[in-house]
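S.K.: Dropping the structure in here first, questions after.
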Amino acid sequence: MQLLDGKKTADDIKNEIAAEVQSIKAAGGKVPHLAAVIVGSNGASLTYVGSKVKSCQQIGFDSTLVALPETITEAELLDKIKELNEDDNLDGFIVQLPLPKHINEEKILMAIDPDKDVDGFHPTNFGKMALDMETFIPATPFGIMQLLERYKVETAGKHTVVIGRSHIVGRPMSILMSRKGNPGDSTVTLTHSRTKDLAEFTKNADIIITALGVPEFLKGDMVKDGVVIIDVGITRVDDASHPKGYVIKGDVDFAEVSKKSSFITPVPGGVGPMTIAMLLQNTLLARKIRSRK
Ligand code: NAD
């Protein structure tokens, strides 16, 4: 069994990006600039946005944090998006989800200029991804593709089972694994909460990507020997014995499944750390595309 080390791979990618930033600077070019919009004061969202901005600083990007009050109206937020779309100094921006209930998320995401949509959530970019065109690939699936590529996990002709069909992980993952190329060229089964006899699919899978958010859902008797496991799940589970009062669990029963797997991502330290690295990669791509114009 080999661990797919997301922390180390993410650090490698950040170092590569930092080196590119240095050469952009040395050539007198403009460094990438990412803005992150956060509405309200949700603790987890503030942590996520904080680490995105911190990572920008570490690798030499310019970054802007746009913190807006919980009470902002949808119209005011749309005005802010328009302003960011038109800001020539900015290469890309993200709007941290979830948004307060009185704001229509879809409306906000649709208002982002696809050329600055470094989260890759806009239908234009999602469509381009499905059509194999150059675009921003949603960061978590992009990170998984990088792990598979850098650890030389064979995917061609393999049966990949994805569990979960969310727009940000499961659905794009199923598209990416079925695309032509490496990683890709897989035969993909996309499963979800209405799938019958899920274990019949997972037992026959060469690669399983779990993105459902149910702690330790995938058990040892649901997989075959030699399986490759990508665990996207991150769930806080109460644990009084831990100083924080909780522990982070993935969707995979690691103790059981790791014994049968050829490659497996740990939680934490697997897919999670890759997400920010790929957001930075997308921002670098946004800068490169803009500099070509
Ligand atoms: P979601 O919560 O939007 O949807 C869950 C999906 O799982 C649905 O499509 C549902 O059909 C499926 N599902 C639920 N129960 C199921 C069951 N019993 N059997 C089969 N399918 C079932 O999904 P999401 O936003 O992709 O999040 C999934 C998990 O991944 C969460 O734990 C989330 O925290 C985590 N996540 C991690 C990262 C990261 O590592 N950076 C990024 C995004 C999400």
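S.K.: Go through the residues of the range 241-255 one by one and say whether even a single one is within 11 Å of the ligand (Cβ to nearest atom) and surrounded by fewer than 23 Cβ atoms within 10 Å (Cβ to Cβ).
M.R.: Yes, the range 241-255 has at least one match.
S.K.: Among the residues of the range 145-194, count how many are hydroxyl-bearing (S, T, Y), outside any loop (DSSP other than H, G, I, E, B) and more than 18 Å from T135 (Cα to Cα).
M.R.: Residues that pass the stated criteria total 4.
S.K.: Which of the residues that make up the range 155-182 are more than 10 Å from the ligand (Cβ to nearest atom), under 16 Å from the mean Cα position of the chain (by Cα) and not aliphatic (A, V, I, L, M)?
M.R.: Within the range 155-182, just S174 meets the criteria.
S.K.: Quick check, is D185 outside the structural domain of K224 (by TED's automatic domain parsing), at positive phi and away from the ligand (no atom under 15 Å from the Cβ)?
M.R.: Here the answer is no, as D185 does not meet what is asked.
S.K.: I'd like to check something: does the range 195-202 contain any residue that is hydroxyl-bearing (S, T, Y), more than 9 Å from the ligand (Cβ to nearest atom) and outside any helix (DSSP H, G or I)?
M.R.: First pass over the range 195-202, keeping only residues hydroxyl-bearing (S, T, Y): 195, 202.
Then keep just the ones that are more than 9 Å from the ligand (Cβ to nearest atom); that gives 202.
Imposing the further condition that a residue be outside any helix (DSSP H, G or I) reduces the set to none.
For the range 195-202, residues hydroxyl-bearing (S, T, Y), more than 9 Å from the ligand (Cβ to nearest atom) and outside any helix (DSSP H, G or I): absent.
S.K.: Taking the range 203-217, which residues are at negative phi and either surrounded by 17 or more Cβ atoms within 10 Å (Cβ to Cβ) or near the ligand (Cβ under 10 Å from one of its atoms) (or both)? I'd like the intermediate steps shown before the answer.
M.R.: Within the range 203-217, the subset at negative phi is 203-212, 214-215, 217.
Passing the criteria: A205, D206, I207, I208, I209, T210, A211, L212, V214, P215, F217.
S.K.: Another question, if that's okay. Hey, does the range 124-142 have a residue that's in contact with a helix residue (DSSP H, G or I) (Cβ under 8 Å, 6 or more places away or on another chain), away from the ligand (no atom under 16 Å from the Cβ) and closer than 22 Å to V267 by Cβ?
M.R.: No, every residue in the range 124-142 fails to be in contact with a helix residue (DSSP H, G or I) (Cβ under 8 Å, 6 or more places away or on another chain), away from the ligand (no atom under 16 Å from the Cβ) and closer than 22 Å to V267 by Cβ.
S.K.: Mind listing just one residue for me: the one in the range 49-61 that is crowded, with 16+ Cβ neighbours inside 10 Å and in contact with a helix residue (DSSP H, G or I) (Cβ under 9 Å, 6 or more places away or on another chain) and, of those, farthest from K30 (Cα to Cα)? I'd like the intermediate steps shown before the answer.
M.R.: First pass over the range 49-61, keeping only residues crowded, with 16+ Cβ neighbours inside 10 Å: 49, 52-53, 55-56, 59-61.
Next, only the ones that are in contact with a helix residue (DSSP H, G or I) (Cβ under 9 Å, 6 or more places away or on another chain) stay: 52, 55-56, 59-61.
On the way: K52: 20, S55: 18, C56: 14, I59: 14, G60: 11, F61: 10 Å.
This residue is K52.
S.K.: Restricting attention to the range 259-293, which residues are crowded, with 18+ Cβ neighbours inside 10 Å, in contact with a strand residue (DSSP E or B) (Cβ under 9 Å, 6 or more places away or on another chain) and farther than 16 Å from F61 by Cα?
M.R.: S261, F263, I264, T265, P266, V267, G270, V271, G272
S.K.: Quick one: which strands (runs of 3 or more DSSP E) sit completely within the range 230-293 and have at least 1 residues that are among the acidic types (D, E)?
M.R.: The qualifying strands (runs of 3 or more DSSP E) are 235-238.
The values are calculated or read from the model by the stated rules, or taken from the named source; none is laboratory data. All values derive from a computational prediction rather than experimental measurement. All Cβ positions, even for glycine, are placed from backbone atoms using ideal geometry, and neighbour counts span all protein chains on display.
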